[in-house]
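Below is one structure; the comments refer to it alone.
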Amino acid sequence: MNKQISKDRILGGMYGQALGDAWGMPAYFDQDQTWAAFGWIDRFYPAPDDHEVHAGLPAARITDDSEQAFSLAQAYLQHGGVTLAATVEAIIAWYDRTGGDQSKYVGPSTRRGVLALKKGVDPHEAGHMGDTNGAAMRVSTVGLLYAGDPMGAIEAAYTSCIPTHNTNVAVSGASAIAAAVAVATRPDASLDAIIAAGLLGAELGRKKGTPWHSPSVARRIEQAVRIARQGTDARVRLRALFDEVGTSLSIVETVGSAFGVLVMADGDPQQAAVYAANLSGDADTIGAIACAMAGAYKGIAAFEPSIIEALDADLVMASYHVRDLADGIYGLASGR
Ligand SMILES: [Mg+2]
């Protein structure tokens, strides 16, 4: 049994994923609009009625990011590890469960991949054009399954990308997050070590998948960390992340900004959720990723009980039985 692996940090990573996702869910795509509507998103809010994607969702509701991450966890536990077959099964099952054909939730690469898989396209071909952030939004599960083992996490992250996001930029972004989460679970983890793991994952991941025209994930992470460490007001730094690093569906932007938010928050999951939500853009995805890293780093004990209660009270979250999944992940990660 590997004594280095802590159940507290695995559970922290999973609740972090949900926290950042649900906290960022009501944010608008534009920063000024978010700040005008909410002032500062400092609690769980329901989605505004005019929200393009999330209208109608109640406060503390997770979205596609966490649902896919937890669906992968279910499948990897059933299959005894990260396999291509389990990845395909989990993503198609999630797509069907959420009425994917009609759902605004489904991102462009995931939809293209799932529709190709359903037509019988080989999983190695189905994701050959997938270049958006879905690969990174769900990959914290892989990092937790490889707790303490960033090289294993980087290998497995590629497997998790293949059916929908098999381009080098997507694999780079996913590998960065998987490696960062794996290192964040270590008892001796530091923010610098988490960033270094992210950069390593980004560089190694970029060598896999279909070559794609894209800027470097690693350079964007470095840019975001530089902005995060400037001694300016939080809103000024969030504005700089929005304008210079980016918050669109581009995985380069998403992963860069997630590291920026993580560093601005000094690794605290709740503060990272606040920053990600107020960053706007694809806030729920950036929040899910940043807070998964932060939660794995600080552990579940760092969360206020009221936050856990609010997440647990939501029907969608409850349907995934996250504590049981965390037990299973702990068992697999410890037995390796
Ligand atoms: Mg989402």
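Values quoted throughout were computed directly from the atomic coordinates according to the rules given, and no laboratory measurement underlies them. All values reported here derive from a predicted model rather than from experimental measurement. Here Cβ is always computed from backbone atoms with ideal geometry, including for glycine, and neighbour counts include all displayed protein chains.
Overview of results
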item: Calculated P(r) tail over 24 Å for region 65-167, as whole % of Cα pairs; result: 13
item: Stretchable slack from residue 230 to residue 213, in nm (0.36 nm times residue separation minus alpha-carbon distance); result: 3.1 nm
item: The chain: DSSP helices with Cα axial extent of at least 18 Å and average Kyte-Doolittle hydropathy no lower than 1.6; result: 168-184, 251-264
item: Under 17 Å from the Cα of residue 208 - aspartates and glutamates, other chains or at least 8 residues apart; result: 125, 131, 155
item: Per-peptide average of other Cβ atoms within 10 Å, ordering 96-108, 257-269 highest first; result: 257-269, 96-108
item: Linear extension gain, residue 59 paired with residue 78, 0.36 nm per residue minus alpha-carbon span; result: 3.7 nm
item: Separation between Cα centres of region 249-291 and region 1-42, rounded to whole Å; result: 8
item: All lysines inside 21 Å of residue 298 as judged from Cα atoms, apart from same-chain residues fewer than 8 positions distant; result: 3, 7
item: Extension gain from residue 118 to residue 301, taking 0.36 nm per residue of separation minus the Cα-Cα distance; result: 61.7 nm
item: Rg over Rh, two decimals, the chain (C-alpha only, Kirkwood Rh); result: 0.93
item: Cross-link reach list, lysines versus residue 119, counting only Cα pairs under 23 Å and skipping chain neighbours closer than eight places; result: 104
item: About the Cα centre, charge dipole magnitude for region 111-258 (Lys/Arg +1, Asp/Glu -1 at Cβ), debye; result: 340
item: Cα-based equivalent ellipsoid, region 1-158: semi-axes from gyration tensor eigenvalues, Å; result: 28, 22, 13
item: Packing-based ranking, highest mean first, of 68-75, 137-144 given that Cβ atoms within 10 Å are counted; result: 137-144, 68-75
item: Binned Cα-Cα distances of region 217-336, short to long, each 10 Å bin given as a whole percent; result: 14, 41, 29, 15, 1
item: Coarse-grained scattering of region 142-255 at q = 0.09, 0.21 Å⁻¹, given as base-10 log I(q)/I(0) from a Debye sum over alpha-carbon atoms; result: -0.23, -1.07
item: Under-5 Å amide H pairs with residue 210, H placed in peptide plane, nonlocal only; result: 167, 168
